[in-house]
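Presented below is the structure to which this report refers.
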């Protein structure tokens, strides 16, 4: 609301101010990802994705940029092997939100994370988790 009032005083059209404001918010949201918070959120994942031999899921160490279904010695579902997903920002985001929606018939039984900020933070953490 304040941006539109400022835009009117400055002679800018409210639509231009709003569009510019939205662009600014998008840039700030992208740069505001918090890997430290992502690490805290990741603790939920470690129940299944640990570094132990008894882990239910594959290690997520080095997942960013990796092809789906490619950790040696882990028995993936056929759906995950076939998916040929490269785990980048968008694919991780989509999978974290809805694992079964992204890769139907995968073994992942997690319901997903719904908070976009938490998802962004988790992806930011996973980028450097090597």
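Residue 74 - would you say it is part of a loop (DSSP other than H, G, I, E, B) and under 18 Å from residue 109 (Cβ atoms)?
On the way: part of a loop (DSSP other than H, G, I, E, B): yes; under 18 Å from residue 109 (Cβ atoms): yes.
For residue 74, the condition - part of a loop (DSSP other than H, G, I, E, B) and under 18 Å from residue 109 (Cβ atoms) - is met.
Determine whether the stretch 89-97 contains at least one residue that is outside any helix (DSSP H, G or I) and either surrounded by 17 or more Cβ atoms within 10 Å (Cβ to Cβ) or modelled with pLDDT under 95 (or both). Give the derivation first.
Of all residues in the stretch 89-97, those outside any helix (DSSP H, G or I) come to none.
So far as the stretch 89-97 goes, no, none of its residues is outside any helix (DSSP H, G or I) and either surrounded by 17 or more Cβ atoms within 10 Å (Cβ to Cβ) or modelled with pLDDT under 95 (or both).
Within the stretch 121-128, can one find any residue that is in a loop (DSSP other than H, G, I, E, B), closer than 22 Å to residue 40 by Cβ and at pLDDT 95 or above? Working first, answer last.
Let us first name the residues in the stretch 121-128 that are in a loop (DSSP other than H, G, I, E, B), namely 128.
Going one step further and asking which of them are closer than 22 Å to residue 40 by Cβ, we end up with 128.
From what is left, the residues that are at pLDDT 95 or above are 128.
There is at least one residue in the stretch 121-128 that is in a loop (DSSP other than H, G, I, E, B), closer than 22 Å to residue 40 by Cβ and at pLDDT 95 or above.
What number of residues within the stretch 69-99 satisfy the criterion of being closer than 22 Å to residue 125 by Cα and over 15 Å from the mean Cα position of the chain (by Cα)?
The total comes to 3.
Are any residues in the stretch 99-120 in a helix (DSSP H, G or I) and farther than 18 Å from residue 56 by Cα, and if so, which ones? Don't jump to the end; show me each part of the working.
Step one: filter the stretch 99-120 for residues in a helix (DSSP H, G or I), giving 99-102, 116-120.
Once the filter is applied, which keeps residues that are in a helix (DSSP H, G or I) and farther than 18 Å from residue 56 by Cα, the stretch 99-120 yields 101, 102, 116, 117, 118, 119, 120.
The values are calculated or read from the model by the stated rules, or taken from the named source; none is laboratory data. Remember, predicted model here, so these are calculated numbers, not experimental data. No Cβ is skipped: glycine too gets one built from the backbone with ideal geometry, and neighbour counts run over all protein chains shown.
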